[in-house]
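Engineer: Structure in structure tokens, see below.
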Amino acid sequence: MSTLTLHRHNEATQPLRLLSNAASAATQAVTITAKKISSQLLLDGARELVIQHQGNEYHLRLTRNDKLILTK
């Protein structure tokens with residue numbers, strides 16, 4: 001039986017690595033690439049987007065300085 005551990009690098013640009021620890025085999029690293037989507041496509045001309053996650057609402061807002069802010 002193998003154990004899976006998900007490791008996240010500190011830098012947002014780094015891919016996630018899934019490590020598989022099998023008792024009879026050496027540890028293997030498999031790269032998982034994150035899905036990318038343009039903020040312009042996501043917001044579709046709006047300044048705010050409401051995201052529902054596990055019964056909660058999160059607001060993704062575009063500021064006047066073109067920064068993104070996610071709040072609960």
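Engineer: List pairs: first residue in region 57-72 and without any contact (Cβ under 8 Å) to a residue 24 or more places away in the chain and exposed (fewer than 10 other Cβ atoms within 10 Å of the Cβ), second residue part of a strand (DSSP E or B) and of a type in the set (V, I, T) anywhere in the structure, Cβ distance under 7 angstrom, at least six positions apart or on different chains.
Structural biologist: Pairs that qualify, where the first residue is without any contact (Cβ under 8 Å) to a residue 24 or more places away in the chain and exposed (fewer than 10 other Cβ atoms within 10 Å of the Cβ) and the partner is part of a strand (DSSP E or B) and of a type in the set (V, I, T), are T63/I69.
Engineer: Right, another one. Taking the residues in region 37-53 that are within 15 Å of the chain's Cα centre (by Cα) and surrounded by 10 or more Cβ atoms within 10 Å (Cβ to Cβ) as candidates, determine which candidate is farthest from R64 (Cα to Cα).
Structural biologist: That would be I51.
Engineer: Oh, and also: Look at region 17-36 and say how many of its residues are open to solvent by less than 100 Å² (accessible area, probe 1.4 Å), assigned to a strand (DSSP E or B) and either among the small types (G, A, S) or at pLDDT below 80 (or both). Even if it seems obvious, please write down each step before you answer.
Structural biologist: Filtering region 17-36 down to residues open to solvent by less than 100 Å² (accessible area, probe 1.4 Å) leaves 17-22, 25-27, 29-32, 34.
Those still in the list that are assigned to a strand (DSSP E or B) too: 17-21, 29-32.
Subset that is either among the small types (G, A, S) or at pLDDT below 80 (or both): 17-21, 29-30.
Number satisfying all stated conditions: 7.
The values are calculated or read from the model by the stated rules, or taken from the named source; none is laboratory data. Owing to the predicted nature of the structure, the values given are computational and were not obtained by experimental measurement. Counting neighbours? That spans all protein chains shown, and the Cβs are built from the backbone with ideal geometry, glycine included. Each accessible area value is taken on the protein alone, full model and side chains, heavy atoms only, with ligands, DNA and RNA left out. Shrake-Rupley method; radii C 1.70, N 1.55, O 1.52, S 1.80 Å.
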